[in-house]
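This report concerns only the one structure given below.
The values are calculated or read from the model by the stated rules, or taken from the named source; none is laboratory data. Since the model is a prediction, treat every value here as computed from it, not as a measurement. A quick note on method: Cβ atoms are made from the backbone with ideal geometry, for glycine too, and the neighbour counts reach across all protein chains shown.
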Amino acid sequence: MKKYLVVLSLSLGLLVSSVSADALKNSLTNMLNEKDTSPSMVNLSNLNINGKAKPVQNVPKTRSSKAVVATVNGHKILKKEADAHLKKRTQGKMSNFDHLPKKQRLRLIQEMALPVLALDSAQKELSAEEKEAVYSRLWMQKEVLKIKITDEQVKKIYDQLKQRSEENNTTANIPAFESVKDKMKLQMKDKQMVGNLMKDVEIKVQ
């Protein structure tokens, strides 16, 4: 009986040991196959603890758009005016006056000063009649720019003039259309501007 119990105990022990070994094997296998979801460590192998910190790049300071950046004979030039002029001169490549070197700022202001200086001189030297003439001429030029004349309209007038010349046998002095197109277009604009100006005007000659 004792012998039977010893054999039974040994058999159970081997069975338990076998089960335990299989469980451990499976556990290890699962651990090896399982993906590590924990955060990875930062790689510090290339860290140079003796290196110097890189200097922070200096960003040019910029002023408010309403800030006065220069004066010309007492006339104030605002930053937004200088920015707009700079953007126009550089075709949009630069638009911040404060980012220019000091010498280029001076040149830009000198360029902007020209119409201011011309206006000062005109106000001092021109008579009232001359000022009126300047204003009238400027207004007329502005109105002419508003008028649109197409090449087709000019060509139509050119062909009419050419036909009249052919009828009168004077075609020898007629220039090519392309050589007179722009001049004719300007004349047609002037004529239309005068017509618009004189429209509905009441004139009485005493």
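List of remarks:
- Listed by position, the helices (runs of 4 or more DSSP H) enclosed by segment 56-147 include none that has at least 2 residues that are at pLDDT below 95, assigned by TED's automatic domain parsing to the domain that holds Gln192 and touching an Asp or Glu at 6+ places or on another chain (Cβ under 7 Å).
- Leu106 vs. criteria loosely packed, with under 14 Cβ neighbours inside 10 Å and without any contact (Cβ under 8 Å) to a residue 60 or more places away in the chain: yes
- From the options Lys183, Lys191, Lys162, residue that is part of a helix (DSSP H, G or I) and farther than 20 Å from Lys148 by Cα: Lys162
- The residues of segment 113-155 that are surrounded by 11 or more Cβ atoms within 10 Å (Cβ to Cβ) and basic (Lys, Arg), listed by number, are Lys131, Lys155.
- Considering only residues in segment 165-174 that are surrounded by fewer than 10 Cβ atoms within 10 Å (Cβ to Cβ) and not acidic (Asp, Glu), the one that is modelled with the lowest pLDDT turns out to be Ala172.
- Selection status of Asn96, loosely packed, with under 11 Cβ neighbours inside 10 Å and touching a residue at least 12 places away in the same chain (Cβ under 8 Å): no
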